Amino acid sequence: MILGARPGQAQTRNVMDTLAADGRFSRFIDIITQAGVTDQLRSTASVTVFAPVNQAFDVVNARMTELTSQGSGNINQNSTDPLRLRALIAYHIVAGSMPSSGLLNDRRFKTVNGAELLVANDGSKIAVSNPAPEQQTGSFGAGGLNVQAPALVVGPDIIANNGIIHAISQVLFP
């Protein structure tokens with residue numbers, strides 16, 4: 001479902017506002033807000049966002065609680081960890097607009113956080129994964145603990161005036 005735009009009609013909302021208008025992404029929006037990167041998704045820079053749907057956060061609830069309730073070396077250990085939250089959000093973003101039709105075969109894309117995503121398309125589904133969790137430069141330093149099954153794109157492209165959103169079934173960890 002393309003929100004706010006009919007075929008042939010230009011979308012007037014940016015990526016952030018388009019995500020916020022779609023109830024499937026409220027938990028992702030919460031993390032984006034805590035990380036302080038809402039302006040990045042409202043900018044005119046063209047981006048592709050692999051956005052986890054709300055149910056994706058149920059599977060990783062303990063990991064997300066850790067990120068949203070502990071600081072990284074902060075005096076107040078009950079605060080969020082903004083550095084790791086920004087790294088997490090940036091791992092879901094690739095520069096430039098890439099519609100599903102451009103995600104053919106197996107391709108690696110450099111994310112905004114500097115690490116890579118592997119996008120595989122077998123003709124019937126599009127899967128997104130961390131191709132080398134133990135080697136990622138923008139990782140959480142977990143040494144392979146970020147290995148997980150690929151996230152699946154779970155719907156059509158969602159068009160915004162500054163990019164494209166692909167709803168995915170899982171949270172991606174760098």
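Can you list the strands (runs of 3 or more DSSP E) lying wholly within segment 81-135 that have 3 or more residues being in contact with a Leu (Cβ under 6 Å, 6 or more places away or on another chain) and surrounded by 14 or more Cβ atoms within 10 Å (Cβ to Cβ)?
Output list reads 126-129.
Here are the criteria: (1) surrounded by 13 or more Cβ atoms within 10 Å (Cβ to Cβ); (2) under 17 Å from the mean Cα position of the chain (by Cα); (3) among the polar types (S, T, N, Q); (4) at pLDDT below 95. Tell me which single one Ser72 does not satisfy.
Unmet condition: (2).
Does Pro82 meet the test of being within 14 Å of the chain's Cα centre (by Cα), modelled with pLDDT under 85 and under 19 Å from Arg27 (Cα atoms)?
When the stated conditions are applied, Pro82 does not pass them.
Among the listed residues Asp30, Asp39, Asp58, which satisfies the condition of being modelled with pLDDT of 80 or more, of a type in the set (D, E, K, R) and under 17 Å from Ser169 (Cβ atoms)?
Every option except Asp58 fails the conditions.
Taking segment 33-51 on its own, how many of its residues are farther than 21 Å from Glu116 by Cβ and among the hydrophobic types (A, V, I, L, M, F, W, C)?
Final tally of qualifying residues: 0.
Is there any pair with a first residue in segment 93-104 that is under 15 Å from Ala127 (Cβ atoms) and a second that is part of a loop (DSSP other than H, G, I, E, B) and at pLDDT below 90 whose Cβ atoms are under 7 Å apart and which are 6 or more apart or on different chains, and what are they?
Close Cβ pairs satisfying both conditions: none exist.
Show the residue pairs that are 6+ apart or on different chains and have beta-carbon atoms under 6 Å apart, the first residue being within segment 145-174 and without any contact (Cβ under 8 Å) to a residue 24 or more places away in the chain, the second being buried (at least 19 other Cβ atoms within 10 Å of the Cβ).
Val147/Pro133
Glu66 versus (1) acidic (Asp, Glu); (2) over 17 Å from His166 (Cα atoms); (3) modelled with pLDDT of 85 or more: which is the lone unmet condition?
It fails just one condition, (3).
The values are calculated or read from the model by the stated rules, or taken from the named source; none is laboratory data. Remember, it's a predicted structure, so these values are computed and weren't measured experimentally. Because the Cβ atoms are built from the backbone with ideal geometry, glycine has one as well, and the counts that use them run over all protein chains shown.
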